[in-house]
Amino acid sequence: MTRPEDAQERARRAAEQKRAEGRYSETAGADALDATILGGRAPAELLSEWAVIEIEPDIVYSTRRGGAPLTALKRLMLRLMRQHLVELEARQTRFNLGLLASFQELERRVEALERGEQPRDGEE
Amino acid sequence: MTAVHQAVAGAGPYDAVSQQARAWRRLLTESGYAGADHAGQVDPGARDGFRPLEQLEPQAQDLIVIRYSAWSPGLGRLLERPQRKLLVYHNITPPGYLWNHSPGLAVQCAVGRMQLPAFARAARVTTADSEFNAGELRHAGADGVRVVPVLFDRDRLGPRGRGPVGDGPLVLVVGRLVPNKRHDRVFRAFAAYQRECAPDARLLCVGTALNPRYAALMQQLADASGAHHVQLAGGMAQDELNAAYDDADVLLTLSEHEGFCVPLLEAFHFGVPVVAAPAGAVPGVAGHAALYTDGDPAVTAELIDMAVRDSELREELARRGRERLGQFAYERTADSVREVVQEALA
């Protein structure tokens, strides 16, 4: 019998042996969700992506059992309110992008100061 | 009469925090305490047991049990109330898992983690349901954290079943479809197992999805893995879940962040061997009664194969599982619950 404590080592050896025979070839590489999970602060490119607000109809739904008619109703309301929502999205996006640009400028100036340089205004 | 009220950020029909609130309520009622359970957001499927948080009107002498697993504005307002408070920390998912999949929930988790020290300061007694969670609570500045495990009522599970019957080996995964549970790794490991060891194997994933979009993504990943006989079953009522455990050959959990992991105890109850990633609270709960993978899908596949085919290993794991259940016996935990409630009320 394999003791539970020894199982991982035995499994590792079996996997290695099978890999040497060309099996388990499809188990290499990153896992699908890895790229979507953030370990720390969101990178600037991702923040720029998030800054642009766009309400997608498929995130509007009912959580009730048999809630399909409610989901349809909610999505219809979303369509009817489109003019208003587009204006809201635009205003929120304008603010987000403005704030992001300010932060990026601030970051650039801090980095310049940390290097002992004099930051220049509006430098890209 | 002193009442003990419970407050949670969100209540649902199947999630572990709501289930624990229900289990505590039964115990509190048996122990002679009045009170009700409230939630910031109540899923339509949980309206029988939970009321909106705004309806919580405690008397001066009452105790409020705050079950903390995410922030909600209503929970934040409870801190201003003069009543005594008992904090039960269930862990908060690190928001990094959620920003890309559910921004609203990610915000709740990010703020929840930031606010944890304030909740710890406001509570007269702080508890966590695992040593792992207690560590996070201490890190947030809490002193004297008590570990009170999940109140695990085996009666609701019914008797142990006959064991696996029917077609190919059934690999069971129990837990919400959320990014930290890493179902992507499950699909990969299962596909490898099916390809190399058991072409007739089946995978059953039980648990509600984060949202319809994430459910669709998981279905896509399952399809792309090349595995077949994969079923994403959604949430299950207890009797259906019991039947799934009865039929299962292995419980697989490759979660990357776990505050407790109740399915481990359920698998032990049903004598189902466990193959797990040793993350978060999992090693603390399962101890030496599980087979641990190093994360390599091929190793996971080999471990599943061993757990399915090596009958002596299965028996040994079942024996150790029964031993672990002793650590989480209902009466033992019930005593701890009564103690912390009395301490908070003293």
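Put simply, of A:GLU89, A:GLU16, A:GLU21 the only residue that is over 28 Å from the mean Cα position of the chain (by Cα), surrounded by 13 or more Cβ atoms within 10 Å (Cβ to Cβ) and acidic (Asp, Glu) is A:GLU16.
Pull up the stretch B:192-213, narrow it to residues that are closer than 21 Å to A:ALA35 by Cα and at the interface with chain A (Cβ under 10 Å from one of its Cβ atoms), then point me to the one that is surrounded by the most Cβ atoms within 10 Å (Cβ to Cβ). Step through it out loud before you land on a result.
The initial filter retains those residues of the stretch B:192-213 that are closer than 21 Å to A:ALA35 by Cα, namely B:209-213.
So of that shortlist, the ones also at the interface with chain A (Cβ under 10 Å from one of its Cβ atoms) come out as B:211-213.
Values: B:ASN211: 19, B:PRO212: 14, B:ARG213: 15.
For the stretch B:192-213, the residue satisfying everything is B:ASN211.
Scanning the stretch B:33-49 for residues that are away from chain A (no Cβ under 14 Å) and at pLDDT below 95 turns up B:GLY40, B:GLY49. Restricting attention to the stretch A:27-37 and to residues that are more than 7 Å from every other protein chain (Cβ to nearest Cβ) and part of a helix (DSSP H, G or I), the residue that is farthest from the chain's Cα centre (by Cα) turns out to be A:ASP34. Counting just the residues of the stretch B:287-320 that are among the acidic types (Asp, Glu), within 7 Å of chain A (Cβ to nearest Cβ) and buried (at least 19 other Cβ atoms within 10 Å of the Cβ), which one comes out nearest to A:ARG3 (Cα to Cα)? The extreme case among them is B:GLU302. Just checking, does the stretch B:322-332 include any residue being crowded, with 23+ Cβ neighbours inside 10 Å, outside the structural domain of B:ALA128 (by TED's automatic domain parsing), modelled with pLDDT of 95 or more and not hydroxyl-bearing (Ser, Thr, Tyr)? Checked the stretch B:322-332: no residue is crowded, with 23+ Cβ neighbours inside 10 Å, outside the structural domain of B:ALA128 (by TED's automatic domain parsing), modelled with pLDDT of 95 or more and not hydroxyl-bearing (Ser, Thr, Tyr).
Yes/no per residue for (1) within 27 Å of B:ALA23 (Cβ to Cβ); (2) buried (at least 20 other Cβ atoms within 10 Å of the Cβ); (3) within 14 Å of another protein chain (Cβ to nearest Cβ):
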residue	(1), (2), (3)
B:LEU78	yes, yes, no
B:LEU86	yes, yes, no
B:ASN100	no, no, yes
B:PRO103	no, no, yes
B:ALA123	yes, yes, no
B:THR127	yes, yes, no
B:GLU136	yes, no, no
B:PRO159	yes, no, no
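Would you point out which residue out of A:GLU45, A:GLU107 is more than 23 Å from B:SER102 (Cβ to Cβ) and either outside any loop (DSSP other than H, G, I, E, B) or over 23 Å from the mean Cα position of the chain (by Cα) (or both)?
Answer to the check: A:GLU107.
Taking into account only those residues within the stretch A:47-81 that are surrounded by fewer than 13 Cβ atoms within 10 Å (Cβ to Cβ) and within 9 Å of chain B (Cβ to nearest Cβ), which is nearest to B:PRO13 (Cα to Cα)? That would be A:ARG65.
The values are calculated or read from the model by the stated rules, or taken from the named source; none is laboratory data. This is a predicted model, so every value here is computed, not measured. Neighbour counts are summed over all protein chains in view; Cβ atoms, including those assigned to glycine, are modelled from backbone coordinates with ideal geometry.
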